[in-house]
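The structure is given below, and queries will be raised subsequently.
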Amino acid sequence: MYINNPTIKISEWIFLYFCTSNLKNMEKNQPSELEKKVRNVIEQIRPYLQADGGDIEFISLSEDNVVNVELHGACGSCPYSRLTLKNGVEEAMKRAVPEVKSVESI
């Protein structure tokens, strides 16, 4: 970094550099409005899966609006988990958040 102001100490420049870069990183790590909606839908679906001994965890939302989740417990090993994911979770997600293209289990 080029310092062109002789009255500011090097330590102040370093401090300012790290503060501004941390703010930029914090902004990048903030969930988008779409991700907040997706997480909300998952929280609404979760009790139904937990009632059957399973669970669902949000992993990520891709740039092309594909939701990646992980199924746990009974849902992770159930032969009908794909059916639950596509006909249950994905349909509920698309109804609540039309921007979502699909829900995939990783």
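When you go through (1) of a type in the set (Gly, Ala, Ser); (2) at pLDDT 75 or above; (3) assigned to a helix (DSSP H, G or I) one by one for SER60, which number turns out not to apply?
(3)
Among the residues of segment 51-106, count how many are more than 20 Å from LEU34 (Cβ to Cβ), without any contact (Cβ under 8 Å) to a residue 40 or more places away in the chain and not acidic (Asp, Glu). Explain how you work it out, then say what you get.
Start the filter on segment 51-106 by keeping residues that are more than 20 Å from LEU34 (Cβ to Cβ), which leaves 51-55, 71-84, 86-88.
Imposing the further condition that a residue be without any contact (Cβ under 8 Å) to a residue 40 or more places away in the chain reduces the set to 51-55, 71-84, 86-87.
If we keep only those that are not acidic (Asp, Glu) as well, we get 51, 53-54, 71-84, 86-87.
Looking only at that region, the number is 19.
So if I check each of ASN4, ASN65, which one is out of contact with any Phe, Trp or Tyr (no Cβ under 9 Å at 6 or more places or on another chain) and at pLDDT 90 or above?
Working: ASN4 fails: at pLDDT 90 or above.
Just one listed residue meets the conditions, ASN65.
If we scan segment 27-42, do we find a residue that is at pLDDT below 60, exposed (fewer than 10 other Cβ atoms within 10 Å of the Cβ) and part of a helix (DSSP H, G or I)? Please lay out each step first, then the result.
From segment 27-42, those at pLDDT below 60 are 27-28; that's our starting set.
Filter once more, keeping what is exposed (fewer than 10 other Cβ atoms within 10 Å of the Cβ): 27-28.
Keeping just the survivors that are part of a helix (DSSP H, G or I) gives 27-28.
Checking segment 27-42: at least one residue is at pLDDT below 60, exposed (fewer than 10 other Cβ atoms within 10 Å of the Cβ) and part of a helix (DSSP H, G or I).
Filter segment 75-95 down to the residues that are among the small types (Gly, Ala, Ser) and surrounded by fewer than 15 Cβ atoms within 10 Å (Cβ to Cβ) and list them by number.
Let us first name the residues in segment 75-95 that are among the small types (Gly, Ala, Ser), namely 76-77, 81, 88, 92.
Of everything in segment 75-95, those that are among the small types (Gly, Ala, Ser) and surrounded by fewer than 15 Cβ atoms within 10 Å (Cβ to Cβ) turn out to be GLY76, SER77.
The values are calculated or read from the model by the stated rules, or taken from the named source; none is laboratory data. Keep in mind the model is a prediction, meaning the values are calculated, not measured. All Cβ positions, glycine included, derive from the backbone under ideal geometry; neighbour counts span all protein chains shown.
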